[in-house]
Amino acid sequence: MNTNTNFTTDRIETLRREWEAEEKIAHIHGWDFSHIHDRYEEEDDLPWDYAQIIKENLTDNMKIMDFDTGGGEFLLSLKHPYENTSATEGYPPNVELCKKTLIPLGIDFRACDDATKVPFDDSSFDMMINRHGDFDPRETARLLKDGGIFITEQVGAENDRDLVEMVLPEVPKPFPELMLDIQKKKFEEAGLTVLRAEEVYRPITFTDVGAFVWFAHIIEWEFPGFSVDKCFDNLLKMQEEIDKNGKVVGTIHRYLIVAKKNK
């Protein structure tokens with residue numbers, strides 16, 4: 001280990017213990033980031049309001065499905081009639097959570113970890129929504145009724161790349177095709193008309209390296225092989241940045257697509 005910093009040995013060991021403690025407890029229930037909510041900020045200044053876009057297009061009689069619903073928290077916040085609500089999820093802990101929270105309400109929940117093979121019939125839904133989940137344009141077209149609408153906010157290919165490079169240089173992008181122009185074309189090829197398409201890059205800010213350690217373990221597909229031990233020297237550099245400027249800033253990449261199935 002080469003710790004070229006101005007930190008004392010005692011502080012280095014204190015930081016190591018703190019970060020390893022965050023590493024040990026890094027897990028998620030549903031899609032709940034409350035553990036670090038006062039130590040990081042992101043997505044508080046997007047130019048669109050995903051929930052508002054859904055509500056502007058949704059009426060009570062519509063059949064709606066949330067693909068990759070997480071723990072169902074956002075879906076429930078829409079307060080759509082349960083008998084007209086469906087959802088899928090593929091992450092096993094969240095599947096069990098959804099079975100306990102959604103099914104008793106009368107929501108048609110089905111486990112699914114393959115966006116190309118969704119266990120619902122053709123033309124089942126007036127609206128499909130998807131926030132930061134997997135998706136397949138052709139399967140979306142199959143599931144939507146004629147005139148049905150698909151609304152998604154997605155994490156783009158460039159998401160958190162500057163943060164990744166701070167701790168894991170030269171790690172490749174996990175999903176290089178998640179760019180607005182590429183995905184827009186795929187939806188059009190699947191027979192959907194794209195009504196709205198926007199893309200944005202905004203800051204993500206950490207004021208605590210421990211919060212970043214927790215975050216990097218949760219978003220493991222972006223930070224493959226990350227550990228405190230492996231990345232310790234680079235984490236110390238991040239700590240120096242926070243000591244100097246009060247924060248370390250990266251960049252999130254988001255895009256929005258609203259598409260309609262042609263009649």
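Values in this text are rule-based calculations from the coordinates and carry no lab data. Note that the structure is a prediction, hence the values are computed from the model and not measured. Glycine gets a Cβ as well: all are built from the backbone with ideal geometry, and neighbour counts include every protein chain shown.
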*To the nearest 0.05, what FRET efficiency results for residue 46 and residue 221 with a Förster distance of 22 Å applied to their C-beta separation?*
0.55
*How high is the FRET efficiency between residue 16 and residue 189 when r is their beta carbon distance and R₀ equals 41 Å, given to the nearest 0.05?*
0.20
_Under the rule of at least 5 residues apart or a separate chain, name every residue whose amide H is placed under 5 Å from the amide H of residue 204._
250, 251, 252
*asked:* Could you tell me how far the Cα centroid of the stretch 193-215 sits from the Cα centroid of the stretch 40-60, in Å?
replied: 15 Å
*Pull up all non-local amide H partners of residue 63: gap of 5 or more, or a different chain, and H-to-H distance under 5 Å with H placed in the peptide plane.*
126, 127
_Need one number: the % of Cα-Cα pairs in the chain sitting beyond the 34 Å mark._
25 percent
*Positive minus negative residues near residue 60 (Lys, Arg vs Asp, Glu; Cβ under 15 Å)*: 0
*Placing +1 at every Lys and Arg Cβ and -1 at every Asp and Glu Cβ, with all other atoms neutral, what dipole size does the chain have around its Cα centre, in debye to the nearest 20?*
680 debye
*In a Gaussian network model over the chain where Cα atoms closer than 10 Å are linked, find which of 247, 79, 99 has the largest mean-square fluctuation.*
79
*asked:* Quick one: 3J(HN,Hα) in Hz for the stretch 65-81, Karplus 6.51/-1.76/1.60 with θ = phi - 60°, rounded, Gly and Pro as x.
replied: 9, 9, 8, 6, 6, x, x, x, 4, 5, 4, 5, 5, 6, 6, 6, x
_How much of the DSSP bridge set in the chain is antiparallel, in percent, rounded to the nearest 5?_
60 percent
_³J(HN,Hα) computed for each position of the stretch 209-226 - Karplus, 6.51 cos²θ - 1.76 cosθ + 1.60, integer Hz, glycine/proline x_ = 5, x, 4, 5, 4, 4, 4, 5, 6, 5, 8, 5, 6, 7, 10, x, x, 5
*State the answer as a single residue: which of 85, 27, 52 lies farthest towards the positive end of the charge dipole of the stretch 1-120, with beta carbon charges of +1 for Lys and Arg and -1 for Asp and Glu, about the Cα centre.*
85
*Would you grab the residues whose amide H sits under 5 Å from the one on residue 190? Only those 5+ places off in sequence or on another chain, please, with H modelled 1.01 Å from N.*
none
*Backbone HN-Hα couplings from phi across the stretch 170-183 [Karplus 6.51/-1.76/1.60, Hz, Gly and Pro as x]*: 6, 6, x, 5, x, 9, x, 8, 7, 10, 4, 5, 5, 6
*asked:* If you fit an axis through the alpha-carbon atoms of helix 9-25 and take the longest principal axis of the Cα set of the chain, what angle between them do you get, 0 to 90°, nearest 10?
replied: 20 degrees
*asked:* Can you give me the distance in nm between label points at residue 82 and residue 33, each placed 7 Å from the Cα along the Cα-to-Cβ direction?
replied: 3.0 nm
*Springs between alpha-carbon atoms under 10 Å, Gaussian network over the chain: tell me which of 205, 88, 152 tops the mean-square fluctuations.*
205
_Can you compute the FRET efficiency between residue 240 and residue 179 using 1/(1 + (r/R0)^6), with r the Cβ-Cβ distance and R0 = 30 Å? Round to the nearest 0.05._
0.35
